[in-house]
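Throughout, read-outs are computed from the coordinates displayed, never taken from laboratory work. Computed from a predicted model, the values in this text were never measured in an experiment. No Cβ is skipped: glycine too gets one built from the backbone with ideal geometry, and neighbour counts run over all protein chains shown.
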Amino acid sequence: MRTTITLDDDVAAAVDAVRRRDGIGPSEAVNNLIRQGLVNQPRNQTYEHRSVAMGARVDVSNIGAVLDLLDED
């Protein structure tokens, strides 16, 4: 596939570094860098939600009541 892309300065510098290091052309350097990024993706990171008691003084289980309370002047 042939396409035109705009590279940020830091990405262009990385492509140039790979080109010089490996003695390859820009397309091959870009492809190599993209493949490395695809391979090095973090896998199955678990998300852990942390909650903190905020000392709420209203019962937030009733959304309507909370909204009414917020609308009061």
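Sorting 15-22, 45-52, 2-9, 59-66 by average packing, meaning the other beta carbons within 10 Å per residue, from highest down gives 15-22, 59-66, 2-9, 45-52. Shown in residue order for region 42-56 are the 3J(HN,Hα) couplings computed by the Karplus curve 6.51 cos²θ - 1.76 cosθ + 1.60 at θ = phi - 60°: x, 10, 6, 6, 8, 9, 10, 7, 10, 10, 10, 5, 9, x, 4 Hz (x for Gly and Pro).
Taken over the chain, the ratio of Cα radius of gyration to 2.2 N^0.38 Å equals 2.29.
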